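Enquirer: Got a structure here, written out as structure tokens. Questions coming.
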Amino acid sequence: MDYVKPAEVAATMVETARRKLALPTYDLIIRGALAGAILGVSTSLAFTGAVSTGQPLVGALIFPIGLIIIVLLGLELVTGSFALLPLPWLDRDASGAAVVTNWTWVFFANLIGSVVYGALLAIALTNMGSIEPTGVAARIISIAEAKTTGYAAFGVAGFVTAFVKGILCNWMVCLAVVLAMGTNSTIGKIATAWMPIFIFFAQGFEHAVVNMFIIPTGMLLGAKVTWGDWWLWNQIPVTLGNIVGGFVFTGGFVFTGLAIYLTYKPRPVPEDSPLPVPTRVPAE
């Protein structure tokens, strides 16, 4: 049977996190850079669909391709790791330093891949700066400005908005990663991962790695955004929001990583119990 019950998914989450923590640095960098570039490709493709049809929802339908490829290839995306990697730490099988070190390497690897693809795309869209940005290039510029100086115009309220959109985004992204563990078939993984990613992109939530592509690419194309604007008004609050959205129970929502782990993790059998203590299982 293709369906994997949540109790088994919880065990898979922990085991997946342990494997990620055991990866050498060069693997984190290679897989992280590939993931950043692939997410940039799916973002630019989504913009192409939205611009060519005039329907933003078309872009949201297209965008999940990137995360699906990342899931199927087992690449490293820091936003998914925000949900998974703390689980072995909760089980006291990993140190907090190991978790943060892994996050750091994958974050910068995602950044490298995103920026490299963005630079290549900027060359392709403008004939290496020979023509004015139009179409997709103009859309990237406008979105880059909206995601930075657009928030800056609201001051603290803009910072908090970026943070909250980061929470909402990574709730969906990590839900996609976990749902994909609930099936053993390729078609099942594609379908389950696609749904939450479509939700976050269609509603304009904020994803740290997507923004690693959009904002610097917009800057290369001529967006009126400084490095300070990028990091202060987007990358920092969105990354913090992604961490909260991926792992923590807060704000009235059940965010995926911690909630699934706590409710479905295996329970040890007490030594003095004559009968086995069952783990929690979902109602049939």
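The values are calculated or read from the model by the stated rules, or taken from the named source; none is laboratory data. Because the structure is a prediction, the values reported are computed rather than measured. With ideal geometry, Cβ positions are generated from the backbone for all residues, glycine too; neighbour counts draw on all protein chains shown. Remember, those area values only see protein heavy atoms, side chains included, never the ligands or the DNA or RNA. Shrake-Rupley method; radii C 1.70, N 1.55, O 1.52, S 1.80 Å.
Enquirer: Rounded to the nearest 20 debye, what is the charge dipole size of the range 1-157 about its Cα centre when +1 sits on each Lys and Arg Cβ and -1 on each Asp and Glu Cβ?
Expert: 80 debye
Enquirer: Still on this structure, please answer the following. Please list, in chain and number order, the residues 5+ apart from THR183 or on another chain whose amide H is under 5 Å from its amide H, with Hs placed from the backbone.
Expert: Here VAL4 satisfy the definition.
Enquirer: Same structure, new question: What is the percent of Cα-Cα separations in the chain that go past 34 Å?
Expert: The calculated P(r) of the chain puts 21 percent of pairs beyond 34 Å.
Enquirer: In square nanometres and to one decimal, what's the mean projected area of the convex hull around the Cα atoms of the range 154-235?
Expert: So the mean shadow area of the Cα hull is 6.2 nm².
Enquirer: Could you pull out every one of the lysines with an alpha carbon less than 28 Å from that of LYS165, ignoring same-chain neighbours closer than 8 positions?
Expert: Cα-Cα hits under 28 Å: LYS20, LYS147, LYS189, LYS224.
Enquirer: Could you tell me the calculated FRET efficiency between ALA98 and LEU61, based on Cβ-Cβ distance and R0 = 35 angstrom, to the nearest 0.05?
Expert: 0.40
Enquirer: Can you give me the solvent accessible area of THR134 with a 1.4 Å probe, rounded to the nearest 10 Å²?
Expert: In the full protein context, THR134 sits at about 100 Å².
Enquirer: Note down the magnitude of the dipole of the chain about its Cα centre, charges +1 on Lys and Arg C-beta and -1 on Asp and Glu C-beta and zero elsewhere, to the nearest 20 debye.
Expert: 160 debye
Enquirer: Roughly how many Å is it from the Cα centre of the range 98-176 to that of the range 54-78, as a whole number?
Expert: First find each Cα centre; the distance between them is then 15 Å.
Enquirer: Is the range 56-155 best put as rounded, prolate or oblate by its Cα gyration tensor, with a ≥ b ≥ c the root eigenvalues, rounded for a/c under 1.5, and otherwise prolate when a/b is larger than b/c, oblate when not?
Expert: Judged from the Cα gyration tensor, the range 56-155 comes out prolate (a/c at least 1.5, a/b above b/c).
Enquirer: Would you mind telling me which residue in ALA109, ALA193, ALA223 has the biggest mean-square fluctuation in a Gaussian network model of the chain, where springs connect alpha carbons within a distance under 10 angstrom?
Expert: ALA223
Enquirer: Something else about it: Using the beta-carbon distance between THR134 and LEU262 and R0 = 41 Å, what value does 1/(1 + (r/R0)^6) give for FRET efficiency, to the nearest 0.05?
Expert: Result of the calculation: an efficiency of 0.25.
Enquirer: Let me ask something else about it. Pop out the carbon and sulfur fraction of the accessible area of the range 83-207 as a percent, whole number, probe 1.4 Å.
Expert: 72 percent
Enquirer: Need the full-extension length gain, TRP231 to ARG19, defined as separation in residues times 0.36 nm minus the C-alpha distance. One decimal, nm.
Expert: Fully extending the segment from TRP231 to ARG19 adds 73.2 nm.
Enquirer: Right, another one. What whole-number value in cubic angstrom gives the convex hull volume per residue for the C-alpha atoms of the range 15-108?
Expert: Dividing the Cα hull volume of the range 15-108 by its residues yields 89 Å³.
Enquirer: While we're looking at this one, here's another question. Any idea what % of Cα-Cα pairs in the range 66-225 are farther than 27 Å?
Expert: Cα-Cα pairs of the range 66-225 separated by over 27 Å account for 33 percent.
Enquirer: Another question, then. What is the sum of charges, Lys and Arg at +1 and Asp and Glu at -1, for the other residues whose Cβ falls under 10 Å from the Cβ of LYS165?
Expert: So the surrounding residues net to 0.
Enquirer: Skip the ligands, DNA and RNA, and give the accessible area per residue of the range 16-119 with a 1.4 Å probe, whole Å².
Expert: 41 Å²
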